[in-house]
Amino acid sequence: MKKFILTVGPALLHEVPLKDIHSNRNIYRINGAHGSAGDIEGYIAEIRSQIPGAAILMDLPGNKVRTKDVPNDGIKLVKGETFSMPSQCFNYPDFYRHLKPGMTAWANDSVYTFEVVSADADRITFLSKSDGVLINGKGVHIRGMHKDIPFLFEKDRELINLANKYQLEYVGLSFVRSADNVREAKALLSEGIDVISKIETKDAVNDINNILPLVKYILVDRGDLSTDIGIMNIPRYQKYIVEKARYYDVKVFLATQVLKNMESKPIPTIGEVEALYEIYKSGVYGVQMSEETAVGKYVRETVAVLNDMFESVKEETVI
């Protein structure tokens, strides 16, 4: 284990200054899905102000369909009941064109499941198969639709321009489906910016032998991948991807719910500690914290767990 990707947000960077948790192992991730290009440029400036020379990852939102302009209190979901949303409450205005009654949608990293009831230019109606609250910025995934939409949305191109302007260290490519997608993005990036190709679609797994020779790094986003392959298939897919990457000498980051419990509690679960230990021992290059540091209540404690496990594994002896 060499690196920790820590997502900045209202918690880390604003409530918790970077100096409180900084080390040279840290890469500070800006989630390009949240905020305007101007907001994100402000994040770059603030990171550089707090830690000059900090390594920054610009994570492009990609062509993931996300909710937008949802009321602040969200949309209440009740299992077995329908709910409707204006068709323009998604970052992809033509989303409704891809929907047919009976289709299944997976939302918020497969936490919620919906069935499409109807869709037109005005409204989309779903039958919820989950209880909860749907808020802004959450993905809503329909399997198989992305072959018909562009790889890079306009916002991705704006953020690539920012990455070039500030010569950021890394750019994360979201929802890669083929080696051609990687080539398209790399052609727009300045020399010296390393691409992290995210493996979060079944298509990317199927084209892994062509993607890996193009990059130094990949990131396995287990949350988004689960919406494409089913959550029960994540362990074997993860194992397969990591083995492939090691064969090609490509460094691997793992993301999604690594220390999920620490968003709201000061300690991880035993299951999380055990899984983190196995990740460290597997030869994976790094892990990514998402909500744990962006909005979590225990940022310092989360980073301390990462560092403590690092030291524990480094000094490990046979008992």
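The values are calculated or read from the model by the stated rules, or taken from the named source; none is laboratory data. Model, not experiment: these values are computed from the prediction. A quick note on method: Cβ atoms are made from the backbone with ideal geometry, for glycine too, and the neighbour counts reach across all protein chains shown. Calculation scope for accessible area: heavy atoms of the full protein, side chains included, ligands and nucleic acids excluded. Shrake-Rupley method; radii C 1.70, N 1.55, O 1.52, S 1.80 Å.
Quick look at the values:
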{"read-out": "Complete set of residues in the stretch 50-61 that are in a strand (DSSP E or B) and either farther than 18 Å from G9 by Cβ or within 17 Å of the chain's Cα centre (by Cα) (or both)", "value": "I56, L57, M58, D59"}
{"read-out": "Answer residue from the stretch 65-77, given it is basic (K, R) and within 30 Å of I160 (Cα to Cα) and is least open to solvent (accessible area, probe 1.4 Å) among those", "value": "R66"}
{"read-out": "Candidates V182, V171, V205, filtered to the one that is under 16 Å from the mean Cα position of the chain (by Cα), surrounded by 19 or more Cβ atoms within 10 Å (Cβ to Cβ) and of a type in the set (V, I, T)", "value": "V171"}
{"read-out": "Members of the stretch 293-316 found to be assigned to a helix (DSSP H, G or I), β-branched (V, I, T) and open to solvent by 10 Å² or more (accessible area, probe 1.4 Å), listed by number", "value": "V305, V313"}
{"read-out": "Search result, residues across the stretch 1-47 that are hydrophobic (A, V, I, L, M, F, W, C) and either at pLDDT below 95 or closer than 14 Å to T302 by Cα (or both)", "value": "M1, F4, I5, L6, V8, A11, L12, V16, L18, I21, A33, A37"}
{"read-out": "Filtered residue count, the stretch 137-147, keeping only those that are in a loop (DSSP other than H, G, I, E, B) and either open to solvent by less than 60 Å² (accessible area, probe 1.4 Å) or under 18 Å from D59 (Cα atoms) (or both)", "value": "5"}
{"read-out": "Residue in the stretch 282-292 that is more than 17 Å from the chain's Cα centre (by Cα), buried (at least 22 other Cβ atoms within 10 Å of the Cβ), touching a residue at least 40 places away in the same chain (Cβ under 8 Å) and not in a loop (DSSP other than H, G, I, E, B) present", "value": "no"}
{"read-out": "Subset of the stretch 250-281 (residues that are part of a loop (DSSP other than H, G, I, E, B) and over 17 Å from the mean Cα position of the chain (by Cα))", "value": "V250, S264, K265, P266, I267, P268, T269"}
{"read-out": "Number of the condition not met by S312 [criteria: (1) closer than 18 Å to I196 by Cβ; (2) among the small types (G, A, S); (3) at pLDDT below 95]", "value": "(1)"}
{"read-out": "Search result, residues across the stretch 204-247 that are touching a residue at least 40 places away in the same chain (Cβ under 8 Å), over 28 Å from K165 (Cβ atoms) and charged (D, E, K, R)", "value": "D228"}
{"read-out": "Pick from the stretch 240-274, criterion aliphatic (A, V, I, L, M) and in contact with an Asp or Glu (Cβ under 9 Å, 6 or more places away or on another chain), ranking: farthest from L212 (Cα to Cα)", "value": "I267"}
{"read-out": "Of all residues making up the stretch 104-147, the number that are of a type in the set (V, I, T) and under 25 Å from N31 (Cα atoms)", "value": "6"}
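To keep it simple, each residue is scored yes or no on (1) open to solvent by less than 20 Å² (accessible area, probe 1.4 Å); (2) closer than 27 Å to I56 by Cβ.
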{"residue": "L189", "(1), (2)": "no, yes"}
{"residue": "I193", "(1), (2)": "yes, yes"}
{"residue": "I196", "(1), (2)": "yes, yes"}
{"residue": "I199", "(1), (2)": "yes, yes"}
{"residue": "T227", "(1), (2)": "yes, no"}
{"residue": "R236", "(1), (2)": "no, no"}
{"residue": "R246", "(1), (2)": "no, yes"}
{"residue": "F253", "(1), (2)": "yes, yes"}
{"residue": "E263", "(1), (2)": "no, yes"}
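Per-residue answers, yes or no, for (1) out of contact with any helix residue (DSSP H, G or I) (no Cβ under 7 Å at 6 or more places or on another chain); (2) surrounded by fewer than 18 Cβ atoms within 10 Å (Cβ to Cβ); (3) of a type in the set (A, V, I, L, M); (4) assigned to a loop (DSSP other than H, G, I, E, B):
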{"position": "N24", "(1), (2), (3), (4)": "yes, yes, no, yes"}
{"position": "Y28", "(1), (2), (3), (4)": "no, no, no, no"}
{"position": "I40", "(1), (2), (3), (4)": "no, no, yes, no"}
{"position": "R48", "(1), (2), (3), (4)": "yes, yes, no, no"}
{"position": "N63", "(1), (2), (3), (4)": "no, no, no, yes"}
{"position": "K79", "(1), (2), (3), (4)": "yes, yes, no, yes"}
{"position": "P93", "(1), (2), (3), (4)": "yes, yes, no, yes"}
